[in-house]
Structure formats: structure tokens, C-alpha cells
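The values are calculated or read from the model by the stated rules, or taken from the named source; none is laboratory data. Keep in mind that what you see is a predicted model, and the values were worked out from it rather than measured. Here the Cβ positions follow ideal geometry from the backbone for every residue, glycine too, while neighbour counts run over all protein chains shown.
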Amino acid sequence: MNNKEFIADLTSRTPYSNREVASLVSAAVSIITGELTEENTVSIQGFGSFEVKKKLERVLFNPITKQRMLVPPKMTVSFKPNTSLKDRVRQNQNDEEEEN
């Protein structure tokens with residue numbers, strides 16, 4: 001599902017117009033982005049948590065050129081799904097396997 005499909009689905013489920021839903025989605029993403037930029041954790045009940053993690057610097061070895069390269073530390077965003085979300089995905093997967 002892409003952003004356009006997501007907004008269309010939300011529009012069909014709510015009394016809001018396509019433009020209003022797009023504005024709300026944009027505002028929500030902006031808030032989440034802002035919090036992650038400040039290295040805060042964002043938890044959405046029933047969905048999961050977005051968290052900023054620091055990856056340490058490390059040395060990589062290129063087997064072809066025999067060179068070692070230093071990869072600098074960097075910040076990454078990770079997502080940890082809520083237990084109820086994991087259970088729903090697993091249940092859906094099990095249901096699909098039983099159908100086949």
C-alpha cells in the first residue's frame with residue numbers, strides 16, 4: 001500500500017474529505033519525524049514503537065581488494081511492533097497457510 005492508497009482507504013472509513021485526510025496524515029508523519037529527529041521514542045498503542053538507535057563505528061574488510069574500511073557511527077530508526085500486532089500478523093499467516 002502506498003501513500004495515495006492509504007489516504008484513499010482512510011477517506012472511505014471516515015467522514016473527512018481526501019484533502020483533509022491527506023493533511024492529517026502529513027501532520028502525523030511530521031510530528032513523528034520531529035520526535036525521532038530529537039531522538040525521542042514514539043509509541044503508538046496497538047501498533048508499535050519507533051526508536052532511534054546509534055550504530056557504533058566498525059571496520060569492514062573487502063575480500064576482493066583486501067582493504068579495510070572504517071564505517072563511521074550513525075543513527076538509525078528501528079521499529080518494534082506491538083505484541084498484539086505481531087499476534088494478528090501471525091494469525092493471518094496461519095489462516096492463509098491452512099487455506100492452501
- Item | Pairs with Cβ under 6 Å, 6+ apart, first in region 22-46 and more than 24 Å from residue 4 (Cβ to Cβ) and of a type in the set (Val, Ile, Thr), second surrounded by 11 or more Cβ atoms within 10 Å (Cβ to Cβ) and at pLDDT 95 or above | 41/49; 41/51
- Message: Criterion first (surrounded by 10 or more Cβ atoms within 10 Å (Cβ to Cβ), part of a helix (DSSP H, G or I) and not assigned by TED's automatic domain parsing to the domain that holds residue 10) does residue 86 satisfy it?
- Response: yes
- Mind checking which residues of region 1-54 are assigned to a helix (DSSP H, G or I) and of a type in the set (Asp, Glu)? 5, 9, 20, 35
